Amino acid sequence: MAARAQHSGPAANGGGAPALLPLLLLLLSAAAIIPRGDGQNLVTEDVTVVEGDVATISCRVKNSDDSVIQLLNPNRQTIYFRDFRPLKDSRFQLVNFSNSELRVSLTNVSISDEGRYFCQLYTDPPQEIYTTITVLVPPRNLVIDIQKEIAVEGEEIELNCTAMASRPATTIRWFKGNKELTGKSEVEQWSDMYTVTSQLLLKVGREDDGVPVICLVDHPAVKDLQTQRYLEVMYKPQVRVSQNYPVQGLTREGEPLELTCAAFGKPQPTDMRWLRVDDEMPQHVVVSGSNLLISNLNKTDNGTYRCEASNAVGKSHADYMLFVYDTTATTEPAVHGFTQLPNSAEELDYGDLSGTGVLLNASTEALPTVQISNASIALHPDSRAGRYFARHKGTYFTHEAKGADDAADADTAIINAEGGQNNSEEKKEYFI
């Protein structure tokens, strides 16, 4: 008896696993032919995982009766039988085993791991339920191609953003600064992967220079994936004329006038010049670079002075309307004589040409001034009144219209007013 006990000891200690092997093989062979039950006592959940991450599969028993639990892969090969792993794939590791749960982790998940995994419970009848592993693949690369590295204002340029080799297909969104734009996307499928290219057509203006265009990806496998390109836009100069002296008040006879021209563009303007519109520049006018100086104003200096600036993109200008007042004039103009006119019919904003007017009261009292707008003007009650456009824009005293008494039309009326006629006591109204 003692010898038998001594003989059976090693069998109990070292032969347990071989003794279970026939039973295990029997169960494994039966796994393929187990009828599909409704799995009413088994619980599991589908798993979504990003490629390269860890997926966890859980087979749980609601009412345990110590029945055997096992987990099978999509090829119906046993991954775990209770707490034993017949499959040689070491990426599968046991997380938890009990009578009520078999939980297994799968590390470094790849697309080939995607599919249905089966939980089986050996009851009478056997039960089975499956869980699905879905593998997400973020885009491998995100690239913006731009049709023209340097664009000119008014041009339409093409940008393409490509998100390569993702699963599922990505959604591409476009932004210019903080404003979302709409592009057109095309999807190409290669095997189980998708490449998406989105095209954006963008008409650029000078305000777009230096603004980022952003391509952003919406994909469940990644957050905040984006790339951007900064726009470089060339545009013609913007021109402004400022009056340095007199700082404020009237431009009177005998006093100096100093104007400065400033121009900004891309590229920076290389050519800037002063000219007098529809007339020759007075000989006593001194032009030094961007500055224009008249040291001793007289009425022959009246007119429109234009500063022109140009660069490789185009040419622009700004005008200053000069009217020289008598030395005795004391009333300041309501608006100074600056304007920047459109350089072409396309740039003209007809919405500015509203029919608003100003009523002039001609009298011997202190002489008010008025700024004539771009809108046409008419002098009434003369029924033969003419029409005035931007070339007549400027500041006028009411006494300048008193030449209408003996003038054939409105043009002559203003020209005849050069002398002043301050002594007239007659009061007339002119609608501008």
### Query
Which of the residues that make up region 186-201 are crowded, with 17+ Cβ neighbours inside 10 Å, within 28 Å of residue 152 (Cβ to Cβ) and either among the aliphatic types (A, V, I, L, M) or without any contact (Cβ under 8 Å) to a residue 24 or more places away in the chain (or both)?
200
## Note on the structure
Conditions (1) touching a residue at least 60 places away in the same chain (Cβ under 8 Å); (2) within 15 Å of residue 242 (Cβ to Cβ) -> residue 315 fails only (2)
### Message
I'd like the full set of residues that are surrounded by fewer than 12 Cβ atoms within 10 Å (Cβ to Cβ), at positive phi and touching a strand residue (DSSP E or B) at 6+ places or on another chain (Cβ under 9 Å), limited to region 81-131.
### Response
none
### Message
Just checking, does region 167-176 include any residue being under 16 Å from the mean Cα position of the chain (by Cα), closer than 30 Å to residue 315 by Cβ and loosely packed, with under 13 Cβ neighbours inside 10 Å?
### Response
no
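The rows are residues; the columns are (1) among the acidic types (Asp, Glu); (2) farther than 30 Å from residue 104 by Cα; (3) in contact (Cβ under 8 Å) with a residue 60 or more places away in the chain; (4) open to solvent by 30 Å² or more (accessible area, probe 1.4 Å).
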{"residue": "133", "(1), (2), (3), (4)": "no, no, yes, no"}
{"residue": "136", "(1), (2), (3), (4)": "no, no, yes, no"}
{"residue": "153", "(1), (2), (3), (4)": "yes, yes, yes, yes"}
{"residue": "160", "(1), (2), (3), (4)": "no, yes, no, yes"}
{"residue": "178", "(1), (2), (3), (4)": "no, yes, no, yes"}
{"residue": "203", "(1), (2), (3), (4)": "no, yes, no, yes"}
{"residue": "234", "(1), (2), (3), (4)": "no, yes, yes, yes"}
### Query
Would you say residue 49 is assigned to a loop (DSSP other than H, G, I, E, B), modelled with pLDDT of 95 or more and surrounded by 13 or more Cβ atoms within 10 Å (Cβ to Cβ)?
no
### Query
Condition test on residue 313, is it surrounded by fewer than 19 Cβ atoms within 10 Å (Cβ to Cβ), closer than 30 Å to residue 234 by Cβ and in the same structural domain as residue 241 (by the TED database)?
no
### Message
I need the full set of residues from region 263-292 which are of a type in the set (A, V, I, L, M, F, W, C), open to solvent by less than 60 Å² (accessible area, probe 1.4 Å) and under 17 Å from residue 304 (Cα atoms), in order please.
### Response
274, 275, 277, 281, 285, 292
### Query
Tally time: how many residues in region 53-80 are within 15 Å of residue 126 (Cα to Cα), free of Cβ contacts under 8 Å to residues at least 60 places away in the same chain, of a type outside the set (S, T, N, Q) and open to solvent by less than 60 Å² (accessible area, probe 1.4 Å)?
4
### Message
So if I check each of 113, 192, 145, which one is outside the structural domain of residue 90 (by the TED database), at pLDDT 95 or above and not hydroxyl-bearing (Ser, Thr, Tyr)?
### Response
145
### Task
For region 92-114, name all the residues that are touching a residue at least 40 places away in the same chain (Cβ under 8 Å) and among the β-branched types (Val, Ile, Thr).
104, 107, 109, 111
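One line per residue, one yes/no per condition, for (1) in a strand (DSSP E or B); (2) under 11 Å from the mean Cα position of the chain (by Cα); (3) modelled with pLDDT under 95:
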{"position": "196", "(1), (2), (3)": "yes, no, no"}
{"position": "207", "(1), (2), (3)": "no, no, no"}
{"position": "215", "(1), (2), (3)": "yes, yes, no"}
{"position": "218", "(1), (2), (3)": "yes, no, no"}
{"position": "223", "(1), (2), (3)": "yes, no, yes"}
{"position": "227", "(1), (2), (3)": "yes, no, no"}
{"position": "237", "(1), (2), (3)": "yes, no, no"}
### Task
Output the qualifying pairs, or none if there are none: Cβ atoms under 8 angstrom, residues six or more apart or on different chains, first residue in region 298-310 and open to solvent by less than 20 Å² (accessible area, probe 1.4 Å), second residue part of a loop (DSSP other than H, G, I, E, B).
301/282; 301/285; 301/324; 305/277; 307/290; 309/269
### Query
Is it the case that residue 123 is outside any strand (DSSP E or B) and in contact (Cβ under 8 Å) with a residue 12 or more places away in the chain?
yes
### Query
Among (1) in a loop (DSSP other than H, G, I, E, B); (2) open to solvent by less than 20 Å² (accessible area, probe 1.4 Å), which single condition is residue 144 missing?
(1)
### Query
Restricting attention to region 95-114, does a residue exist that is among the aromatic types (Phe, Trp, Tyr) and under 30 Å from residue 203 (Cβ atoms)?
no
### Message
Please go through region 212-262 and give me each residue that is in contact with a Lys or Arg (Cβ under 6 Å, 6 or more places away or on another chain) and under 30 Å from residue 286 (Cβ atoms), ordered by number.
### Response
262
### Task
Restrict the check to region 240-257 and report whether at least one residue is open to solvent by 90 Å² or more (accessible area, probe 1.4 Å), at pLDDT below 95 and of a type in the set (Gly, Ala, Ser).
no
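The values are calculated or read from the model by the stated rules, or taken from the named source; none is laboratory data. These figures come from a predicted structure and were not determined experimentally. Cβ: placed from backbone, ideal geometry, glycine included. Neighbour counts: every protein chain shown. Heavy atoms of the whole protein, side chains included, go into the accessibility calculation; ligands, DNA and RNA do not. Shrake-Rupley method; radii C 1.70, N 1.55, O 1.52, S 1.80 Å.
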